[in-house]
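To start, the structure under review is shown below, and the notes come after it.
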Amino acid sequence: MDELELSMAQKNDEIEQANKDLASAQQKFNSQQDDMKLRIKYMYEDQSTSLSEVFLSSKNMSEVLKAEYVQQVYDYDRSKLDEMSNTAKSISNLMVSLENDKKSLENMASELTSKQALLYTTLDDLNSKDADLSSKLKDAQQRAAA
């Protein structure tokens, strides 16, 4: 029971630390998300021409290269958005896992409590029987002596 209690205490500490890490990760994710929203707003809000229009209407190579650069930035942003999405899914899965661990730990604690109660009840019964048997033994010894 002591080992189980120690294991439960360690698990509680791990869960507490994981919750702190989760909160930190969530805060970081929210910050990244806000930064990305702002970047998207400024970069793509006033874009009136498409990439294909730039290629077709460009007068020189520099306009084409500029369009290519814009496309690369767009691709980079897209990959960062995908990365943020994966991070959000990972955080969500970790939260679910931690909640399941916490419920499991609570179940173990309740099981331990019920087993301890049963153990103490059994000990009390055995002590009572021991006292009763001791009393009967004394009586038997007194009768035998008499």
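The values are calculated or read from the model by the stated rules, or taken from the named source; none is laboratory data. If you're wondering where the values come from, they're calculated on a predicted model, not measured in any experiment. We place every Cβ from the backbone using ideal geometry, glycine too, and count neighbours over all the protein chains shown. Accessible surface areas use protein heavy atoms only, side chains included; no ligands, DNA or RNA. Shrake-Rupley method; radii C 1.70, N 1.55, O 1.52, S 1.80 Å.
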Residue list for segment 106-127, restricted to those being touching a residue at least 12 places away in the same chain (Cβ under 8 Å) and of a type in the set (Gly, Ala, Ser):
Ala109
Inspect segment 17-27 for any residue being of a type in the set (Lys, Arg), assigned to a helix (DSSP H, G or I) and either open to solvent by 90 Å² or more (accessible area, probe 1.4 Å) or at pLDDT 85 or above (or both) and give the result as yes or no.
yes
Identify, from the list Lys103, Lys80, the residue that is in contact (Cβ under 8 Å) with a residue 40 or more places away in the chain, within 30 Å of Phe29 (Cα to Cα), part of a helix (DSSP H, G or I) and out of contact with any Ser or Thr (no Cβ under 9 Å at 6 or more places or on another chain).
Lys80
Considering each of Ser128, Ser92 in turn, give the residue that is polar (S, T, N, Q) and farther than 30 Å from Leu4 by Cβ.
Ser92
Would you check which residues across segment 81-138 are among the acidic types (Asp, Glu) and either open to solvent by less than 70 Å² (accessible area, probe 1.4 Å) or within 30 Å of Arg39 (Cβ to Cβ) (or both) and list them?
Asp82, Glu83, Asp101
Taking Ser110, is it under 30 Å from Ala9 (Cβ atoms), assigned to a helix (DSSP H, G or I), at pLDDT 85 or above and not hydrophobic (A, V, I, L, M, F, W, C)?
yes
So Asp77 clears everything in (1) more than 30 Å from Asn19 (Cβ to Cβ); (2) open to solvent by 70 Å² or more (accessible area, probe 1.4 Å); (3) charged (D, E, K, R) except one condition, right? Which one?
(2)
Assuming Lys59 fulfils every condition listed in (1) modelled with pLDDT under 80; (2) part of a helix (DSSP H, G or I); (3) farther than 27 Å from Asp101 by Cβ apart from one, which condition is it?
(2)
